[in-house]
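First comes the structure, then the notes that go with it.
The values are calculated or read from the model by the stated rules, or taken from the named source; none is laboratory data. Keep in mind the model is a prediction, meaning the values are calculated, not measured. Here the Cβ positions follow ideal geometry from the backbone for every residue, glycine too, while neighbour counts run over all protein chains shown. Heavy atoms of the whole protein, side chains included, go into the accessibility calculation; ligands, DNA and RNA do not. Shrake-Rupley method; radii C 1.70, N 1.55, O 1.52, S 1.80 Å.
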Amino acid sequence: MTAAELQRLLRERYPVENERHEWKGWRGLKHNVSGAKGEDLLCYVSALANMDGGCVLIGVEDGSLAPVGLADPADYTPETLPYRLLGRCANLPSLGLHVEVLRADDTGAAVWVLHVPRHAPRRPVHAHDMAWQRDHDKLVPLREDRLAAILAEALAGEDWSAVVVEAASLTDLDPAALSLARAQYAAKHARSKWAAEVPGWSDSVFLDRARLTLQGGITRAALLLLGRTGSVPLLAPNPAEITWKLPAERAVQHFGPPFLLSTTALMRQIRNPIIKLVPESQLIPVQLPRYETRLVLEALHNCIAHQDYSRAERIVVEEWPARLCLINAGGFVDGQPEDYFQGLRTPSRYRNACLATAMDEIGMIDKAGFGISDMVRIQRERYLPLPDYVGSTAARTVFNVLGQSLSLDYSRLLMQQSDIDLATVLLLDHLQKGHDLTAEQRRQLRLRGLIEGRGARTTISAGVATATDRETEYVDASGLDTAHFRALVLKLLALGPQPRAKINRLLLDKLPATVVGDTRRRAYVKALLQELTRRGEIQNVGGATKAARWALVQR
């Protein structure tokens, strides 16, 4: 392949530099494999392995991924590099550790792609006698919460939910939940040759076939899904509880087993009024419930399936104005949530394999990896912001779903262009939520005429506004010209030196509506002050950061 084709391939495979993909423009390896602590390949391997594994691209231009090539590998070869890393990175697994060489035929540039496997359970990977992780664009020592999460991981074959509770019996199961489980199991397997036999099965046979019991023994999974309210002490010290919370009104309600029934009861507790979205091309608004029941139940069931029950914590559902936040203990188990948005990845492992299998058998979850993509699709079809996992850490998973439009531009674009690809929808969703996009992601949106501006000043493109007959609203949303904001700052400073807080108060509520989120609006103000400083019109006459005081340059 040519260098241009190789560059496109790398962009497709590794579009973002993050905790899974590292881009390195190293032309040689002599001082880069084992060199400065926190900057060499050993430390990057440790950081990748201590998350979910990933790849280090060696011989590419940072940012563009143009193949510059690894010119001087010193005494390393693609075959020997993995073995030498194993000797210097304690606890690094060997399975999956290998180098893939990609070469541009026209330039001869060779790019080495080092594939790094995930750490083994409870064994953080060390380099230079310490474990590392990525923090934005730099490496830092492994943080306590991530270390605790690694040390608490289940070993192969361990499954909290599969443990048989010796003191439990069939009398500890709720009859209504058992009846519903039977019905949903029969519906799921309606096309099986033995489907007609299901109604005649005894409870013991059904529970074994549905993977809720093991050779007649009641598992913790069975008590969670079908147990009577009084069976909770059998799961001690785990609270076996889902807490619904309405912080604005200090309202709280707790829901226990059987979770097969209580998740529906919790859904009824959530306020779900009809909302309206008005497309540009019609007078009649689109009316829909704030939250789609299927989406909320799927999210709740995911929390139950993936909760780290060994931590003895509750599942929490927080209901904020026009937003739901579902929190379960334990980080995301297999990969990253975004890997499942398009339904192309299948989970290779579960934290609670017995529980997940039973929930799949009785129709509560899908084990093929389509659950998250279904929730994304539902929100997209409702023209609302996509669900996300912002706030998740190694110790907990946070699922957020919005019940209102953040940007009319976004919602109306989905109404007008129903065939827009999901990857583009994801980028636009990030933008409307005020998240930063990479230079490459911004470039892709600009090429399609969807955005304009730079940095914090990125706005909806005039082309999109024209396509949706919204030229006037586009001008209003784009806000006043930057020159106007410069003039406002200069007018304020003419009264004397001012701290950043006063400048923020002057500008933040006047910025364009398309500069979404407090972080991006403050970044806009910062960029404006930097621009005025470069123009020689203002200067800092105070100290650094909070002590700064901005004043006009006296001419």
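Modelled label positions at D106 and T293, each set 7 Å beyond Cα in the direction of Cβ, lie 5.8 nm from each other.
Modelled spin labels at A483 and D72, positioned 7 Å past Cα toward Cβ, are 5.2 nm from each other.
Taking a straight Cα-Cα cut-off under 30 Å and skipping sequence neighbours fewer than 8 places away in the same chain, the lysines within cross-link reach of K546 are K138, K433, K491, K502, K510, K526. Using only alpha-carbon positions in the range 167-228, the gyration tensor eigenvalues give semi-axes of 20, 12, 9 Å once each is multiplied by 5 and square-rooted (largest first).
Taking 0.36 nm per residue of separation and subtracting the Cα-Cα distance, what length does fully extending A176 through I270 add?
Working it through step by step, the gained length comes to 31.6 nm.
Taking max minus min of the alpha-carbon positions on each principal axis, the range 1-102 gives extents of 38, 29, 25 Å, largest first.
All other residues with a Cβ under 13 Å from the Cβ of I315 taken together, and with Lys, Arg as +1 and Asp, Glu as -1, what is their net charge? Let's see the in-between values first.
On the way: positive: K245, R311, R314, R396; negative: E241, D308, E313, E318.
Counting the neighbours of I315, the net charge comes to 0.
Relative protection proxy for 533-546, 114-127, 80-93, from highest mean packing down: 114-127, 80-93, 533-546 (other beta-carbon atoms within 10 angstrom).
The C-alpha atoms of the range 172-284 occupy a region whose extents along the principal axes are 58, 41, 17 Å, arranged from largest to smallest. Going by accessible surface with a 1.4 Å probe and the largest first, V68, V489 read V68, V489. Once backbone amide H atoms are built at 1.01 Å from N, G542 has R549 as its partners under 5 Å, excluding neighbours fewer than 5 places away on the same chain.
Evaluate E = 1/(1 + (r/R0)^6) for A322 and R250, where r is the Cβ-Cβ distance and R0 equals 22 Å; express this FRET efficiency to the nearest 0.05. Mind showing how you got there, number by number?
Values: r = 19 Å, r/R0 = 0.85.
FRET efficiency, A322 to R250: 0.70.
On average, how much area does the Cα convex hull of the range 309-393 cover when viewed from any direction, in nm²?
Values: hull surface 25.9 nm².
Average projection, Cα convex hull of the range 309-393: 6.5 nm².
Carbon-plus-sulfur fraction of the accessible area of the range 297-375, 1.4 Å probe, in percent? Carbon plus sulfur share of accessible area: 50 percent.
A viscosity of 1.002 mPa s and a temperature of 20 °C, combined with the Kirkwood radius over C-alpha pairs in the Stokes-Einstein formula, give the range 32-190 a diffusion coefficient of 113 µm²/s.
With only Lys, Arg, Asp and Glu charged, each at its Cβ (+1 for the first two, -1 for the last two), find how big the charge dipole of the chain is about the Cα centre; round to the nearest 20 debye.
Dipole magnitude for the chain comes out near 1680 debye.
Per-residue extension of 0.36 nm, minus the Cα-Cα distance of L214 and D518, leaves a gain of 104.2 nm for this segment. Here the chain carries DSSP beta bridges of which approximately 85% are antiparallel, counting only pairs with both residues inside. Accessible area per residue for the range 156-248 is 51 Å², calculated with a 1.4 Å probe on protein heavy atoms, without ligands, DNA or RNA.
Let's see if you can work this out: charge +1 on each Lys and Arg Cβ, -1 on each Asp and Glu Cβ, no other charges. What is the dipole magnitude of the range 224-368 about its Cα centre, in debye to the nearest 20? Numbers along the way, then the final one.
Values: 15 positive and 15 negative charges, 73 e Å.
With Lys and Arg at +1 and Asp and Glu at -1, about 360 debye.
Y383 contributes about 60 Å² of solvent-accessible surface, heavy atoms of the protein only, 1.4 Å probe.
At an R0 of 41 angstrom, the distance between the Cβ atoms of V553 and V16 translates into a FRET efficiency of 0.55. The calculated 222 nm mean residue ellipticity attributable to helices in the chain amounts to -10000 deg cm²/dmol, summing -39500 (n - 2.57) over DSSP H runs of n ≥ 4 and dividing by all residues. Measuring max minus min along each principal axis, the C-alpha atoms of the chain give extents of 92, 69, 47 Å (largest first). For K510 and Q336, what is the calculated FRET efficiency with R₀ set at 35 Å and r taken between the beta-carbons, to the nearest 0.05? It comes out at approximately 0.40.
Taking 0.36 nm per intervening residue step and subtracting the Cα-Cα distance, what contour gain separates A423 from L95 on full extension? Don't skip to the end; give the middle numbers.
On the way: separation 328, 0.36 × 328 = 118.08 nm, distance 3.15 nm.
Length gained, A423 through L95: 114.9 nm.
Net charge dipole, the range 1-157: roughly 360 debye, given to the nearest 20, about the Cα centre with Cβ charges of +1 for Lys and Arg and -1 for Asp and Glu.
Each of G363, A240, L170 was scored by the projection of its Cα onto the charge dipole of the chain, and the greatest displacement toward the positive side belongs to A240; charges sit on the C-beta of Lys, Arg, Asp and Glu.
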